[in-house]
Each structure stands twice: as C-alpha cells, then as structure tokens.
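Undergrad: Sharing a structure here in structure tokens format.
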Amino acid sequence: MGLIQLLKSQFLSHLIFYYVFLASGLIVNLLQFCTLPLWLVSKKLARKINIRLCYCISSQIVVALEWWSGTECTLYTDPKNYPLYGNENAIAVLNHCSEIDFLCGWTFCERFGVLGSSKVLAKHELRYLPIIGWMWYFLEIVFCKRKWEEDRRTVAESLQNLHDYPENFWFLLFCEGTRFTPKKHEVSMQVAESKGLPKLKYHLLPRTKGFWVTVQNLRGTAAAVYDCTLNFRNKQVPSLLDILNGKKYHADLYLRRIPLELIPEGEAECAAWLHKLYQEKDSFQEHYTQKGCFPGPTVTHPRRPWALINWILWACMLLYPLGLLLVQLVSSGSILTILVSVTVACAASLGGRWMIGQTETNRGSSYGNKEVPSKNN
Ligand SMILES: CC/C=C\C/C=C\C/C=C\C/C=C\C/C=C\C/C=C\CCC(=O)SCCNC(=O)CCNC(=O)[C@H](O)C(C)(C)COP(=O)(O)OP(=O)(O)OC[C@H]1O[C@@H](n2cnc3c(N)ncnc32)[C@H](O)[C@@H]1OP(=O)(O)O
Ligand SMILES: CCCCCCCCCCCCCCCCCC(=O)OC[C@@H](O)COP(=O)(O)O
C-alpha cells in the first residue's frame, strides 16, 4: 500500500471529512431555516438560494468520490443528445443496484451543472436523516411512504409544485423501490410470474405507480426520461466506506434519452412501457456482463473543480478555528478540556459513520421482502 493510500485509510483523515461535513452541514441547515421568511416574499429567490446551499452539502460527497477516491465515471450515450444534458428538466430512471448508485447519479449531476437542484422520489424515512434529510426538505424533495393509498395524493401534489421551478433539474426514480438483495429478487420474480411478465436477471421488478404519477405530473415540465443503467467494472461492489478509504472504482453509465411524448398516458399502458424498459435494461446488463461494456459510443465529460473548491473553502473556514482551539486546549494542560475535545472527536466520528451506515444495504428496509402478489393479476 502506497503512502497516499495509507493516509486515505487513516482515522484522522476520516475525522477531518466527518467534521467538515457535519459542521458545514449544520451551518447550511441553519441558513436554510433562516430562508423561511423569504419564501413568503420571493419563492424564486428562496429556491435559488436553497439550490446553492444544497450544493454546498451534496458536492462534498461527490468530492469524496471524484477527488479522494479518484473513481472514474464513463458515460455511454448518443452524442447527438449530449448538448441537452443539463439544459432541460428530465426524469432519470436509474437501476438501484449499489450502495453508491445515488452518488454516481450526483456525480453526473455535478458534471452537467444540476447538482444543487436535482431531486429524487425518496423513502419517507430519509426525511429525518440529519443534514441530508433536513436539506432535502428545503429543496422540495418528493417523499413517499411506499404506501400507494397515501402516496398517490402527496406525491402528485409535490410534483405539481415543481412546475415553476426556476432552474433545470433531474428527477431521479429508482423504480425498483428498494435495493437489490437475492431475497427481494426472488420475491419480485414470483410477482413477475404471477403477472405473466418475463423474469429479470439483474433487476427487481419495477414498481410502476410512482413512474406513472411522475410522468403524468411532470408533463410540460420535464422534456424527457433518461433511462440510466449503471454498472461497475470488474464486478466490483462499491460502498461509501470504501470510497472514504480512498478505494478507486470505475463506473459505467448507459444513458438513453426518451422524449416524454413517447410515454403512454394511461396507467396500464405506462406500466407495460416501464416493464418493457426494465427488460431492455436487463439485456444491457447482460451485454455488460458478457463484454465488460455497454453498447454504443462513450462521451467524456470531465469532473469540474467547483465541488473541490467548495470543500477546500469549508475546510479552511472550519479547520482553522478548530486548530487554534486545540492548541489552546493542549497548552492549557487541563485534563478536563482535553477529555472534552476527545469526546467531541469521537462524536463526530460516530456521527459520520452512522450516516454512512444509512447507505448500507444490509441495514436496509424489509420492503419487497415478503409482498403478497396482487390477486387480480
Ligand atoms: C448524464 C446522467 C444522467 C442522469 C444521472 C442519474 C441520476 C441523477 C439524478 C438525480 C439525483 C438526485 C438525487 C439523488 C440523491 C440521493 C437519492 C438517494 C436515495 C433515495 C432513494 C429511495 O429512497 S428509493 C425508495 C423510494 N422510492 C420508490 O419507492 C420509488 C418507486 N416506487 C413506486 O413507484 C411505488 O409504486 C410507490 C412508492 C409510489 C408506491 O408503493 P406501494 O408499495 O404502495 O405500491 P406498489 O404499486 O409499488 O405495490 C403494489 C403493486 O406492486 C406489486 N408488487 C407486490 N410485491 C412486489 C414486489 N416485490 N416487486 C414488485 N412489485 C410488487 C403488486 O402486485 C401491486 O401490483 P399492481 O399491479 O396492483 O400495481
Ligand atoms: C466528504 C464526505 C464526508 C462523508 C461524511 C458522511 C457522509 C454521509 C453521507 C450520507 C449520505 C446519505 C444520502 C442518503 C442516501 C441513502 C440512499 C439509499 O440508498 O436509500 C435506499 C433507498 O433507496 C431504498 O432503501 P431500502 O428499501 O433498500 O432500505
């Protein structure tokens, strides 16, 4: 292991990341809270400020992927659509295959300049996640309880609010609704069988209602669906903790742009369309497994320096006073103050580690583990 690699795996390096992330995150949350009165005066300005504040947080995790771990992200897409990415609103349908799939999505958002504004249909539990969940509240992220009786109204209402959104955004949907596990795959293939649908090898059966309600409510707002299929080279199974340890991966994303007008309006037709899309995604994954790449040309879209600059600025702002304080504490020689500092360091480390734990599949929900197939299908 080289010296740099050794440095990346050290507790102290992680502690610095955790401290900067947690301290800046809480400051940003506080600033977001202060924007509340502004929403009454100018919704447009409040949204624009919150987009930038959210960028300050989410770009830090992108820095960990792009600059700290050096992970590379290759985009496979039709070059003729390339100028549209980042310059229109879109619904991104991404396979929920990995613990860092959301982060690869964020990385592409960053590269195409829509990181601050991009959104997701997220499970309700994430609303309460400190920093990220609180930041999402001000970003008008759409939450669902994964209970259709409740979601059908709330999700539609939240989507309608986005009609006058002042900046371009991508709206991410993980149509599988949960992350892939062998058990969930087995259950969802039983559902597929009961519905007379072909089995999928690499994906869970998609949930169609969220897709339908999103497409219907973003008609006129979003121009296209981006069908995104993600995989990692050499059958790697990445985790956020490994990224923080500086482990490098190579992500490949296959992107097809489908104009929204091509998606059927009726619920049943839209559901059938999505099932067919997932069958195609499955065939792309098969191609990837066989050949080690997706079909079609690649385009190179390099990382931008802004995320790194943002992190360095926060680090300087937060580490300098902390350094001064530590010097004072140590020179004061007070055992109590030194013990307090150690406790704060441990709390930051545990807090950061706990947040990373939220991305781990083995701590995931039981949603999709034991659903009973619908009787009328
Ligand atoms: C250049 C690059 C371009 C793009 C880059 C890509 C992306 C970047 C874009 C943006 C990034 C922005 C932010 C990302 C940051 C972080 C994100 C992190 C994480 C958040 C993600 C989540 O939280 S995922 C979980 C929540 N989301 C969802 O669940 C969405 C999908 N779900 C649905 O759509 C559901 O339908 C629902 C939630 C709306 C409602 O769920 P419910 O369970 O109540 O109803 P269902 O309709 O799903 O269930 C009943 C029907 O389902 C059948 N059934 C039963 N069991 C199963 C089973 N195991 N599998 C499949 N289907 C099953 C049942 O038979 C019923 O069938 P019907 O025929 O009656 O419908
Ligand atoms: C610079 C970096 C410093 C790192 C400090 C700590 C960073 C912590 C970052 C935490 C980021 C959390 C973003 C939330 C994303 C969680 C996404 C997720 O993967 O949700 C799963 C759901 O889709 C489905 O849930 P399941 O039903 O599978 O259960």
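Undergrad: Do any helices (runs of 4 or more DSSP H) entirely within the stretch 96-194 hold 1 or more residues that are over 19 Å from the mean Cα position of the chain (by Cα), and if so, which? Spell out how you get there, then give the answer.
TA: Working: elements: 101-111, 132-138, 148-160, 182-194.
Those helices (runs of 4 or more DSSP H) span 148-160, 182-194.
Undergrad: Could we say that S334 is farther than 19 Å from I16 by Cα and under 25 Å from the mean Cα position of the chain (by Cα) here?
TA: The answer is no for S334.
Undergrad: A further question follows. Of the residues T77, T71, which is modelled with pLDDT of 95 or more, surrounded by 14 or more Cβ atoms within 10 Å (Cβ to Cβ), more than 16 Å from ligand 2 (Cβ to nearest atom) and among the hydroxyl-bearing types (S, T, Y)? Step through it out loud before you land on a result.
TA: Numbers: T71 fails: more than 16 Å from ligand 2 (Cβ to nearest atom).
Result: T77 is the single residue among T77, T71 that is modelled with pLDDT of 95 or more, surrounded by 14 or more Cβ atoms within 10 Å (Cβ to Cβ), more than 16 Å from ligand 2 (Cβ to nearest atom) and among the hydroxyl-bearing types (S, T, Y).
Undergrad: So, one more: Restricting attention to the stretch 126-147, does a residue exist that is at pLDDT 95 or above and away from ligand 2 (no atom under 16 Å from the Cβ)?
TA: yes
Undergrad: Among the residues of the stretch 156-190, which ones are closer than 17 Å to N369 by Cβ, touching a residue at least 24 places away in the same chain (Cβ under 8 Å) and within 16 Å of ligand 2 (Cβ to nearest atom)? Before the answer, list the steps.
TA: So in the stretch 156-190, the residues closer than 17 Å to N369 by Cβ come out as 174, 176-190.
Then drop every residue that is not touching a residue at least 24 places away in the same chain (Cβ under 8 Å), which leaves 174, 176-181, 183-184, 187-188, 190.
Selection gives F174, E176, G177, T178, R179, F180, T181, K183, K184, V187, S188.
Undergrad: From the residues in the stretch 105-125 that are within 6 Å of ligand 1 (Cβ to nearest atom) and farther than 20 Å from R52 by Cα, which one is least open to solvent (accessible area, probe 1.4 Å)?
TA: That would be A122.
Undergrad: Please enumerate the residues belonging to the stretch 250-261 that are in contact with a Phe, Trp or Tyr (Cβ under 9 Å, 6 or more places away or on another chain) and either among the small types (G, A, S) or open to solvent by 10 Å² or more (accessible area, probe 1.4 Å) (or both).
TA: Correct list: H250, A251, L253, Y254, L255, R256, R257, I258.
Undergrad: Just a yes or no: is a residue in the stretch 211-226 touching a Gly at 6+ places or on another chain (Cβ under 7 Å) and within 16 Å of ligand 2 (Cβ to nearest atom)? Walk me through how you get there before you give the answer.
TA: Within the stretch 211-226, the subset touching a Gly at 6+ places or on another chain (Cβ under 7 Å) is none.
No; the residues of the stretch 211-226 include none that is touching a Gly at 6+ places or on another chain (Cβ under 7 Å) and within 16 Å of ligand 2 (Cβ to nearest atom).
Undergrad: Right, another one. Answer yes if at least one residue in the stretch 6-28 is under 30 Å from A222 (Cα atoms) and either of a type outside the set (G, A, S) or touching a Leu at 6+ places or on another chain (Cβ under 8 Å) (or both), and no otherwise.
TA: yes
Undergrad: Now for a separate question. Condition first: open to solvent by 20 Å² or more (accessible area, probe 1.4 Å) and near ligand 1 (Cβ under 8 Å from one of its atoms). Now tell me which residues in the stretch 92-104 satisfy that.
TA: H96, F102
Undergrad: Here are some conditions: (1) closer than 26 Å to L205 by Cβ; (2) within 16 Å of ligand 1 (Cβ to nearest atom). P297 meets all but one. Which one does it not meet?
TA: The one condition P297 does not meet is (1).
Undergrad: Just to be sure before I move on: is L255 within 16 Å of ligand 1 (Cβ to nearest atom), at pLDDT 95 or above, in contact with a Cys (Cβ under 7 Å, 6 or more places away or on another chain) and part of a helix (DSSP H, G or I) in the structure I sent?
TA: no
Undergrad: Quick check on L319: is it surrounded by 12 or more Cβ atoms within 10 Å (Cβ to Cβ) and over 22 Å from the mean Cα position of the chain (by Cα)?
TA: yes
The values are calculated or read from the model by the stated rules, or taken from the named source; none is laboratory data. Quantities reported herein were computed from a predicted structural model and do not represent experimental measurements. All Cβ positions, glycine included, derive from the backbone under ideal geometry; neighbour counts span all protein chains shown. Calculation scope for accessible area: heavy atoms of the full protein, side chains included, ligands and nucleic acids excluded. Shrake-Rupley method; radii C 1.70, N 1.55, O 1.52, S 1.80 Å.
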